[in-house]
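The values are calculated or read from the model by the stated rules, or taken from the named source; none is laboratory data. Just so it is clear, the model here is predicted, and its values are computed rather than measured. Please note that ligands, DNA and RNA were not included when accessible areas were found on the heavy atoms of the full protein model with its side chains. Shrake-Rupley method; radii C 1.70, N 1.55, O 1.52, S 1.80 Å.
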Amino acid sequence: MKIGTRASAMAIAQTTEIVAQLKKAAPGVQAEIVKFKPRGDRDQISRLDRHGGKGGAFVAELRDAVRQGTLQAAMHSLKDVPGDEECHGLVLGAYLKREQVEDTLVLRSDHSLEAFEKARGAGYKIGTNSVRRGAFLKKLYPACDIIHYRGAANTRIQKLEDKALQKLPGGGAVGPADGLVMARCGLERVGLAQNISKIFSAAEMLPAIGQGIVTAECARTDWESRKLLAQIDDAETRICALAEREVLWVLNGHCNTPIAGRAEISDSVLRLRAAVLSLDGKTNIETSLEGDPLRPRELGREAGLALLNKGAAKLIAEANQ
């Protein structure tokens, strides 16, 4: 089985975990990691919408290789997989057990969290390429300056510490950044958790839909690969992912819209919280629902419709302008 992945340290670590779980579940399986450098990694300056969002930037070329038979599977971070489109001929064959979902604040080593909190973010430039993270950060710290920032996790932190400028899509540069907002699970996976200054609670910054979930995608009719991947599929994670991604489907949401969601199962109840924000963080529409874990898409659909009834469509349209 050839498994394709982005060539970043984080992506390689995620794919290595898939291989390790496959070998444990099916001793004797031959799994090979094939590294790709998709458009989003070749272009470290442009905003991702130039490439069709995260799907076009990080997922599309790997999917093409699976369709062509060059790969038997492709590793994706689920939050990068578009939730507002059909993907004919392919299927997510495995959802690995979800990792930590929280977002974190990484301040440059010459800054302290105490000073940042005392200033309430005023005078600080915080880098992110996520409109969701930017919106939540503006909600929490209205005076901070959100700047465009690209790169793999280790690259971004190195640029942060070097006080390097981030080139802008239209020319020029911005920065240097005083801090970054990054996923906790990614930093832990590549051994950079010591750089975390603050872990945001879900009440402060609701995670991206699918955050913390590693998936393996294969051809829908490749039954041998599907059989192998099914052995490492985590049922609870799959249920939560289906509920969350149904929200995206209903809202027709993608990476340019500040949509967030988190599903969890406890006491045999599926609980889903979802939100849509304005880009400036001043408007936050939320819903929290409970349902049957055996019907995750129905709960996600109900949550998406509830958000639309509260005015989410207007915020999404404004974000897409």
Any helix of the chain counts here only if DSSP assigns it H throughout, its Cα atoms span 15 Å or more along the axis, and its mean Kyte-Doolittle hydropathy is at least -1.0, and such helices are 9-25, 235-251, 296-309
Per principal axis, descending, Cα span of the chain in whole Å = 56, 43, 35
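Please give the per residue accessible area of the chain, computed with a probe of 1.4 Å over protein heavy atoms only, in Å². Don't jump to the answer; show the numbers that get you there.
Numbers: 14210 Å² over 321 residues.
Heavy-atom SASA per residue in the chain reads 44 Å².
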Hey, which of these cross-link pairs are over 20 Å Cα-Cα: Lys2/Lys227; Lys23/Lys97; Lys125/Lys159; Lys35/Lys167; Lys35/Lys97; Lys35/Lys163?
-> Lys35/Lys167; Lys35/Lys97; Lys35/Lys163
